[in-house]
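Novice: Pasting in a structure now, in structure tokens, and then I'll have a few things to ask.
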Amino acid sequence: MADRSFHIAMYPWFALGHITPYVHMANKLAERGHKISFFLPAKTQHKVEAFNLHPHLITFIPIVVPHVEGLPLGAETTNDVPFPLHPLIMTAMDLTEPDIEAYLRQLKPHFAFYDFTCWLPALTRRLGIKSVVYCIISSATIGYLLSPARKTLEKGMTGSDLLEPPQGFPSSSIRLRAHEAQALAAVTTMDYGSGLSFVERQLMSLSDCDIIGFKTCREIEGPYGEYIGSQFGKPVIFAGPVVPNPPKIALEKQWEKLLSKFQPKTVIFCAFGSECVLKKDRFQELVLGLELTGLPFLVALKPPMGAETIESALPEGFQERLEGRGILYGGWVPQQLILRHRSVGYFVTHCGSGSLAEAMVSDCQLVLLPH
């Protein structure tokens, strides 16, 4: 097995915070001679193709995302829409099943990596392909929230249910506070596309797959991964943190020009990923705090709840006081390249696993604000 090369298909959830770590994993697998066919939204390809370090082995296959009523025209990923519309992105992704089946029949890969497309294992089983749920979030989180021991599908889930770990969960100090439990219960039981709740979708993915993989290592999360394996009756593979290799490309001219105005290691870069949306008052407190540092900063956040743009949510007089010291941007940014820029000295992060992995290979000081 160690000397054999495989063909692996990848189909991550249409969120840049999921697509990017899958690209990092594709690079690691390609280093070992494996071939990757990577399905992703057509217009999103240009955002990640520069991070393909092995284009002779990794092929991006653009998928046309069907339009779903309620989605803005052209929306492809969660970065294109506010959080309440994320389930419609999932519905659109579900509608790509015929296209994915056609590609898999043609490509005949050995394995298919996925996370949210819970229909994929049944499809791959018919085609003789092994399915791998590759989770980019921690096994401790999956085990705590989604263990079958909770019997969520039979009993439902409330915030009070999540205040304690499920039966058999490894001994630990992990406990949720009341507001955390309530928020997570609301998210996990909400409709998440095609009439399926988030928890139904995840339990199907984990129950029907052939293998469960985690972006972590046995030394850090071994007991939690083994707990999940025993709960679902599946083999578990630890992929390691999959720290990305330094990119071989230069930062785009617009960002290079903006950041090069500042002295080395002085810029605070603040980014909370493609999924995190702050309440307006927290957003304002955050940018006011950045202003009080007296340092230049780049804020790359989605507009807060109830705001159309990031600029419209700023405190009164904020932009006038900046005088070119602050840069605010509400869209996607090439985070891995920005973190390596000579002017960036600090990274304020929401602690997403992808962001932390990218931060490990930068020279920034980290300011951790878990979300």
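The values are calculated or read from the model by the stated rules, or taken from the named source; none is laboratory data. The model shown is predicted, which means the values in this text are computed figures rather than measured ones. Note that each Cβ is placed from the backbone with ideal geometry, even for glycine, and that neighbours are counted across all protein chains shown. Just the protein is used for accessible areas: all its heavy atoms, side chains included, with ligands, DNA and RNA removed. Shrake-Rupley method; radii C 1.70, N 1.55, O 1.52, S 1.80 Å.
Novice: Under 7 Å between Cβ atoms, at least 6 apart or on separate chains: pull out the pairs that start in segment 273-289 with a residue that is over 12 Å from His350 (Cα atoms) and end on any residue that is open to solvent by 60 Å² or more (accessible area, probe 1.4 Å) and of a type outside the set (A, V, I, L, M, F, W, C).
Specialist: The qualifying pairs are Lys280/Gly306.
Novice: So, in segment 138-170, of the ones that are among the hydroxyl-bearing types (Ser, Thr, Tyr) and part of a loop (DSSP other than H, G, I, E, B), which residue ends up farthest from Phe238 (Cα to Cα)?
Specialist: Among them, the one singled out is Thr158.
Novice: To continue, here is another question. Does Ile89 meet the test of being under 18 Å from Leu71 (Cβ atoms), modelled with pLDDT of 95 or more and not polar (S, T, N, Q)?
Specialist: In short, yes.
Novice: Pairs only if they're at least six apart or on different chains, beta carbon under 9 angstrom, first in segment 39-66 and free of Cβ contacts under 8 Å to residues at least 24 places away in the same chain and under 18 Å from Leu107 (Cβ atoms), second among the hydroxyl-bearing types (Ser, Thr, Tyr) and in a helix (DSSP H, G or I); list them, first residue then second.
Specialist: Hits for this filter: Pro62/Thr44.
Novice: Among the candidates Ser172, Ser160, Ser197, which residue alone is within 25 Å of Tyr114 (Cβ to Cβ) and of a type in the set (S, T, N, Q)?
Specialist: Ser197
Novice: Right, here's the next one. Check whether at least one residue in segment 205-221 is touching an Asp or Glu at 6+ places or on another chain (Cβ under 8 Å), assigned by the TED database to the domain that holds Thr141, touching a residue at least 12 places away in the same chain (Cβ under 8 Å) and of a type in the set (Ser, Thr, Tyr), and report yes or no.
Specialist: Yes, segment 205-221 contains a residue that is touching an Asp or Glu at 6+ places or on another chain (Cβ under 8 Å), assigned by the TED database to the domain that holds Thr141, touching a residue at least 12 places away in the same chain (Cβ under 8 Å) and of a type in the set (Ser, Thr, Tyr).
Novice: Let me ask something else about it. Can you tell me which residues in segment 121-170 are open to solvent by 60 Å² or more (accessible area, probe 1.4 Å) and either touching a Pro at 6+ places or on another chain (Cβ under 8 Å) or among the acidic types (Asp, Glu) (or both)?
Specialist: Glu154, Asp161, Glu164
Novice: So, one more: Within segment 351-360, how many residues are more than 19 Å from Pro12 (Cβ to Cβ) and in contact with a Cys (Cβ under 9 Å, 6 or more places away or on another chain)?
Specialist: Residues that pass the stated criteria total 0.
Novice: Based on this model, can you work out whether Pro98 counts as farther than 26 Å from Pro334 by Cβ, without any contact (Cβ under 8 Å) to a residue 12 or more places away in the chain and over 17 Å from the mean Cα position of the chain (by Cα)?
Specialist: The answer is yes for Pro98.
Novice: Name every residue in segment 171-183 that is crowded, with 18+ Cβ neighbours inside 10 Å and not in a loop (DSSP other than H, G, I, E, B), in order of residue number.
Specialist: Of everything in segment 171-183, just one residue is crowded, with 18+ Cβ neighbours inside 10 Å and not in a loop (DSSP other than H, G, I, E, B), namely Ala181.
Novice: Which of the following residues is open to solvent by less than 20 Å² (accessible area, probe 1.4 Å) and either within 30 Å of Pro165 (Cβ to Cβ) or at pLDDT 90 or above (or both): Ile237, Ile212, Ile220?
Specialist: Going through Ile237, Ile212, Ile220 in turn, the sole match is Ile212.
Novice: Also, quick follow-up: Just to verify a result, which residue in segment 187-202, among those that are among the hydroxyl-bearing types (Ser, Thr, Tyr) and in contact (Cβ under 8 Å) with a residue 60 or more places away in the chain, is surrounded by the fewest Cβ atoms within 10 Å (Cβ to Cβ)?
Specialist: Ser194
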